[in-house]
There are 2 protein chains.
Amino acid sequence: MFKTVKQNKAYQDVVEQIQEAIMEGTLKPGRQLPAERELKEQFGISRGTLREALRVLEQKGLIEIRTGVAGGSIVREVNSENLSDNLGLLIRNRAVSLRDLAEFREGLEGGVAALAAQRATEQDRLVLEGLLDEAGGYLKEGRKGWDSFVRTDEQIHLALARISGNPLFIAVLTSVYHNIHTYYENYLPWNTELLQENFSDLKNIVAAVSAGEAERAREIALGHVRRFNAYMEEKKV
Amino acid sequence: MFKTVKQNKAYQDVVEQIQEAIMEGTLKPGRQLPAERELKEQFGISRGTLREALRVLEQKGLIEIRTGVAGGSIVREVNSENLSDNLGLLIRNRAVSLRDLAEFREGLEGGVAALAAQRATEQDRLVLEGLLDEAGGYLKEGRKGWDSFVRTDEQIHLALARISGNPLFIAVLTSVYHNIHTYYENYLPWNTELLQENFSDLKNIVAAVSAGEAERAREIALGHVRRFNAYMEEKKV
DNA sequence: CCGTAGTGAATGGTTAGACCATTAGTAAAA
DNA sequence: TTTTACTAATGGTCTAACCATTCACTACGG
């Protein structure tokens, strides 16, 4: 009937107070908190306890702690790094399989391409074409350019995510790419033909995005990822 | 040319060591770490520093700390609570808007429904139909059943994610649903008609999944989410 | 006048040792 | 057998000190 009364530990109370102040805007990004020796007085706790609280806030990505005379705890701009990290932990720990990752990517890339097509500015188009040129250059280098090509390929995909303007896609895809590398090396049957095909896909996606053709971009991106995944499945077996 | 040598703080070193041990499976979930007073000896640090490390690990969701005689640090089963918390922070900070969330959901639900259709077992079908019945019941209760209906709706979507068998979809969608509630209350123009339409969508999705028709499930799910989002956009303006 | 090396002070990082609070198990009492 | 009280182990907190890092200022040398 009744819930157990939550017995807050001292450091949790501090975490909550500071977090709340940040959330409601009392503490704005860039703002510096008082020094530990002063904060501990304000909260009426010991320095050790205060530091446990600060470590938690740091881990949450809410503050940054700097040493030195002008140092201290500084309120951070909220970002999705943490989300990315967490997802990375999940991927590594839960023994998420290549198939899981690939399926997940399949679900995301189409939507990202479509959104990017709707929202790309002139400048975005230039960036994409620049990356495409770069990738093309690596492709011509033959074997030794492969690694660079793959990295550029990734950058193109991430650029699309950025262009989509949706922080969730950006954070999640960043995390996925950070963690899929391991698999590429083991499972992808690298060869010139595959890379050429890949490059051709990229060109088509960028073309569709530049033309603002959302649905075409979606389809090509989806097909691209699917083919890629199919290759990996083959090799895996 | 050279990168600054990373000056690890003592507590960071401890965090990394323990985290690594958990990741590579040396420390399995449920396993209990030595008591603080012993751990500090093993690491050769003070108790305060050790505790900062443990707090970080706790915040990361890797361990749980219990008080009392049989207490201590226990390695946790990895879960997506943290991911959810993070997403919550981003939303509260307006770094992620309703539109962002909705778009993201649109990207995911189609794929989930398609996978679920491919993989649903007989038992899964029963669960889905059970949930559907439950939702239908709430719908008949009129106004006072709305909340329950929405919650059941969510459970159906989460059940689909579970059936898809992909831990990434499960984790991410769980986080999204945990956090989208805030918006529902503010932006959804609840009325019988909308709920009826919603219910009809759900029935169709479940039917397609049960029939193993992946592409149809994908399309219906996508349309479902899109319509839902469109309603919210309207109300918002 | 300008640059550079040195120096001091403020701040976080770490240590040691003590005591408080919580809790599971055990022994004693009903 | 059930309840109560005690005990010991463990995390939670406190105090007080010293170490390590960084920035700003000063004094010296050009």
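The values are calculated or read from the model by the stated rules, or taken from the named source; none is laboratory data. All of these numbers come straight from a predicted model, not from anything done at the bench. Methodologically, a virtual Cβ is constructed for each residue, glycine included, from the backbone with ideal geometry; neighbour enumeration extends over all protein chains shown. These accessible areas exclude ligands, DNA and RNA; they are computed on the full protein's heavy atoms, side chains included. Shrake-Rupley method; radii C 1.70, N 1.55, O 1.52, S 1.80 Å.
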Exercise. How many residues are more than 16 Å from DNA strand D (Cβ to nearest atom) and closer than 21 Å to B:A95 by Cα when one looks only at the range A:22-36?
Worked result: 9
Exercise. So which of A:R151, A:R105, A:R99 is within 14 Å of chain B (Cβ to nearest Cβ), over 14 Å from the mean Cα position of the chain (by Cα) and either more than 18 Å from A:G212 (Cα to Cα) or surrounded by fewer than 17 Cβ atoms within 10 Å (Cβ to Cβ) (or both)?
Worked result: A:R99
Exercise. Within the set of pairs 6 or more residues apart or between chains, which connect a residue that is assigned by TED's automatic domain parsing to the domain that holds A:E16 and open to solvent by 90 Å² or more (accessible area, probe 1.4 Å) inside the range A:33-51 to a residue that is within 7 Å of DNA strand C (Cβ to nearest atom) and not β-branched (V, I, T) with Cβ atoms less than 8 Å apart?
Worked result: A:R37/A:R47
For this session: Determine whether B:R55 is at the interface with another protein chain (Cβ under 9 Å from one of its Cβ atoms) and within 10 Å of DNA strand D (Cβ to nearest atom).
Result: yes
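So, B:L90, is that one closer than 26 Å to B:Q12 by Cβ, more than 16 Å from DNA strand D (Cβ to nearest atom), without any contact (Cβ under 8 Å) to a residue 12 or more places away in the chain and not assigned by TED's automatic domain parsing to the domain that holds B:E20 or not?
yes
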Exercise. Is it true that A:Q19 is within 12 Å of another protein chain (Cβ to nearest Cβ) and away from DNA strand D (no atom under 12 Å from the Cβ)?
Worked result: yes
Seminar exercise, completed: Among helices (runs of 4 or more DSSP H) completely within the range A:1-93, the ones holding 1 or more residues that are modelled with pLDDT under 95 and away from DNA strand C (no atom under 13 Å from the Cβ) are A:10-23, A:81-93
Problem set entry | Whichever residue in the range B:58-83 is more than 9 Å from chain A (Cβ to nearest Cβ) and surrounded by 17 or more Cβ atoms within 10 Å (Cβ to Cβ) and, among such residues, is farthest from B:I22 (Cα to Cα) | B:G72
Exercise. Which members of the range B:161-195 meet the condition of being of a type outside the set (A, V, I, L, M), in contact (Cβ under 8 Å) with a residue 60 or more places away in the chain and open to solvent by 20 Å² or more (accessible area, probe 1.4 Å)?
Worked result: B:T174, B:H178, B:N179, B:T182, B:Y183, B:Y187
Exercise. Right, A:A114: away from chain B (no Cβ under 14 Å) and closer than 25 Å to B:I91 by Cα or not?
Worked result: no
For this session: Please work out which residue is nearest to the other protein chains (Cβ to nearest Cβ), limiting yourself to the range A:118-148 and to residues that are surrounded by 16 or more Cβ atoms within 10 Å (Cβ to Cβ) and within 20 Å of the chain's Cα centre (by Cα).
Result: A:A120
Problem set entry | the range A:37-51, residues that are more than 9 Å from DNA strand D (Cβ to nearest atom) and touching a Gly at 6+ places or on another chain (Cβ under 8 Å) | A:R51
Exercise. What are the pairs, 6+ residues apart or on separate chains, where a residue within the range A:210-224 that is assigned by TED's automatic domain parsing to the domain that holds A:A114 has its Cβ under 7 Å from a residue that is polar (S, T, N, Q) and open to solvent by 60 Å² or more (accessible area, probe 1.4 Å)?
Worked result: A:G212/A:Q118; A:A214/A:Q118; A:I220/A:N204
